[in-house]
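Every number here is computed from the coordinates shown, using simple stated rules; none is lab data. Worth saying up front: this structure is predicted, and the values here are computed from it rather than measured. As a convention, Cβ positions derive from the backbone with ideal geometry for all residues, glycine included, and neighbour counts pool all protein chains shown.
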Amino acid sequence: MAKRNTINNITMKDRLRALRNLPAFFKLVWQSGPGMMLANILLRFAKAAIPFLLLLVGKLIIDQVLQLNRNHSSFAEVHLWKLVGVEFVLAILSDGLSRAITLMDSLLGDLFANHTSVRIMEHAATLDLDQFEDAVFYDKLERARQQTVGRTVLLSQVMSQIQDLITIGFLAAGLVVFNPWLILLLVIAILPAFLGESYFNDETYALSRSQTPHRRELDYLRYIGASDETAKEIKMFSLSGFIVDRFKTLSDKFYVDNKRISVKRSLWGTLFALLGSVGYYGAYVFIIQQTVKGALTIGELTFLAGSFRQLRTLLESILGRFTTVSQGAIYLSDFFEFFEIEPQIHNTNQPRPFPNPIKQGFTFENVGFRYLNSERWANRNLNFTLRPAEKLALVGENGAGKSTLVKLLARLYDPTEGRILLDGYDLREYDLNDLRQHIGIIFQDFLRYQMTFSQNIAAGNIDQKTNEELIKRSARQSLADELAKKLPAGYNQMLGKRFSDGVELSGGEWQKVAIARAYMRDAQLIILDEPTSALDARAEFQVFERFTELTRGKMAVLISHRFSTVRMADRIVVLDKGEIAEIGSHQELLAHGGRYAELFQLQAAGYQ
């Protein structure tokens with residue numbers, strides 16, 4: 001895997017090392033479309049021989065014409081027209097091969113983009129939640145995404161490189177037979193252009209890499225500046241000017257930086273092209289002189305001049321393309337580096353099956369959690385047990401660590417210190433998928449999928465997406481079935497405004513749909529994080545009355561700021577700055593007169 005010492009210092013050694021990425025890249029392309037890639041290779045090998053054959057046949061035609069001028073014969077004339085026919089067939093074949101190769105490259109590009117996009121999504125699904133909350137990780141993810149599109153340009157370039165090298169082998173053979181020094185002159189003439197292109201490609205890569213975080217910000221600004229989800233606040237707070245100004249500042253800076261490199265590249269490229277032309281015409285003059293002296297025939301002059309011209313073009317392409325290929329190989333490092341990221345939360349070699357039923361419950365033993373690259377503890381010194389069939393409520397101000405606690409319970413995070421036991425065994429010992437399958441959880445920031453009503457509910461247990469009976473039962477349990485009756489297409493109604501015929505729901509309606517997801521699983525533990533924040537008082541009472549009934553005999557964890565909801569729990573955990581301040585029933589905590597009683601009285605005063 002290619003590594004770079006610094007972003008702004010890419011050496012030739014780095015370039016050559018980056019070429020090690022190509023075998024893995026070709027393996028991915030092969031997996032995308034093996035038959036198409038094989039056909040592409042064979043077509044390119046055939047195409048590689050065409051330039052030499054065209055020049056050779058052209059030489060023979062010219063020599064044959066001159067011979068006919070000196071000594072006309074019917075046999076020589078027939079041979080001439082045969083040669084013309086061969087040249088015509090080669091020209092048609094060359095054009096056909098070029099079009100076929102272009103088609104293959106395009107189709108392989110689509111297949112590769114699809115294949116690698118799937119690979120990225122599959123790998124991302126294995127990674128830990130806290131990794132997605134790290135800016136460095138997001139930069140790597142963004143660079144990996146960028147490599148899914150246009151990377152078959154690299155395939156085309158590498159294959160073209162091989163194709164041109166084969167063509168060069170044919171053409172160079174003729175020049176070497178005539179005068180080997182012409183090859184050396186050719187290389188010296190184009191070397192400055194190669195070094196110049198290499199330098200400016202390095203500059204472009206370094207600039208592109210350094211711009212990644214700001215490009216993500218540009219994409220974000222582009223999104224919030226023109227989105228149905230942000231339109232009301234943008235209009236209400238008159239934020240458009242602020243967003244546009246920030247976008248202009250960043251995009252203008254990108255333009256200036258890119259322009260600086262592009263202008264320098266163009267000026268130096270013109271100078272290097274001039275040196276190449278001087279070398280070419282020096283060789284051309286030498287070949288003409290030899291022809292005038294009689295050392296070469298007119299046909300040989302044409303063949304050698306054409307060979308030299310094409311060799312110059314091919315060598316320039318190969319050297320220039322080497323810079324691009326090695327640049328692409330370095331970019332591939334960004335792609336493969338993403339797949340080197342490993343999750344920290346995973347199964348042990350022999351995971352325990354999830355207990356069914358749970359007998360002892362979940363026990364937190366001195367549990368603490370701190371987010372990646374953070375000095376502050378989100379949770380600390382958590383010691384309590386969630387018992388079987390118990391309803392537990394979490395109370396605390398924003399940032400008290402309530403949502404983090406339930407994520408630890410679902411093993412979306414692993415404790416930084418301490419441990420969580422399930423029926424006496426560390427949660428890490430249980431099968432991860434089995435654990436999460438037995439937990440139904442709806443977060444406060446649940447997703448509003450731009451999918452059908454049915455699919456939105458089935459997201460809670462996607463393996464049952466075709467189980468209409470289960471989906472409708474879950475909707476009834478969350479009171480979302482009444483909503484389905486009002487929709488034009490019922491359960492097949494597209495939700496959201498992103499696609500045609502979509503219907504947007506209110507916040508409370510969306511919450512009923514989200515709660516239905518929790519009922520899609522036959523879970524032993526149901527977690528609701530602020531599940532009724534957008535519901536009116538009557539709807540909230542109905543939802544929790546139904547929730548209490550449906551979770552009878554099951555464990556449940558509620559996070560809510562509404563004490564009318566919280567008091568329904570068997571026990572209440574009061575969190576303050578990530579630690580447990582109090583724990584007990586509603587009546588016990590009120591009698592204690594501590595933090596919970598204070599918060600309860602403050603909220604009650606608002607209704608008086």
Checklist outcome for this item: For Asp431, the residues 5 or more places away or on another chain with a placed amide H closer than 5 Å to its own amide H are Arg352, Phe354
Checklist entry - With the contact rule set at Cα under 8 Å and sequence spacing of 6 or more, what percent relative contact order holds for the chain? => result 14
Checklist entry - So which trypsin sites (Lys or Arg not before Pro) in segment 357-438 end up in coil per DSSP with only 13 or fewer other C-beta atoms within 10 Å? => result Lys359, Arg376
Checklist entry - What helices in the chain pass both tests, a Cα length along the helix axis of 24 Å or more and a mean Kyte hydropathy of 1.0 or higher, using whole DSSP H runs? => result 34-70, 152-178
Checklist outcome for this item: Here segment 570-585 yields Karplus 3J(HN,Hα) values (6.51, -1.76, 1.60; θ = phi - 60°; whole Hz; Gly and Pro given as x) of 5, 9, 10, 9, 9, 9, 9, 6, x, 10, 7, 8, 8, 8, x, 6
Checklist entry - For Val573, Val84, what's the fewest-to-most ordering of other Cβ within 10 Å of each Cβ? => result Val84, Val573
Item to check | Compactness of the chain - radius of gyration and Dmax, Cα, Å | outcome: 35.2, 124
Checklist outcome for this item: Assertion target for Arg538, Arg44, ordered by fewest C-beta neighbours within 10 angstrom first, is Arg538, Arg44
Item to check | Computed P(r) (all Cα pairs; segment 400-506; 10 Å bins; percent) | outcome: 12, 35, 26, 19, 7, 0
Item to check | Estimated 222 nm signal from helices in the chain, with DSSP H stretches of n ≥ 4 weighted -39500 (n - 2.57), rounded to 500 | outcome: -21000 deg cm²/dmol
Checklist entry - For Met36, Met121, what's the fewest-to-most ordering of other Cβ within 10 Å of each Cβ? => result Met121, Met36
Checklist entry - Taking segment 14-340 on its own, what percent of its Cα-Cα pair distances exceed 38 Å? => result 35
Next on the checklist: Can you tell me what share of the DSSP beta bridges in the chain is antiparallel? A percent to the nearest 5 is fine.
Outcome noted: 50
Checklist entry - Based on the Kirkwood radius over alpha-carbon pairs, what is the Stokes-Einstein translational diffusion coefficient of segment 305-438 at 25 °C with 0.890 mPa s viscosity, in µm²/s? => result 129
Checklist entry - Which of the chymotrypsin sites (Phe, Trp or Tyr not before Pro) found in segment 435-517 are loop residues per DSSP with 14 or fewer other Cβ atoms within 10 Å of their Cβ? => result Phe499
Item to check | Spherically averaged projected area of segment 449-522 from its Cα convex hull (nm²) | outcome: 4.3
Checklist entry - Using a basic spin-label model with each label point 7 Å from the Cα along Cα→Cβ, how many nm lie between Ser74 and Asn356? => result 9.4
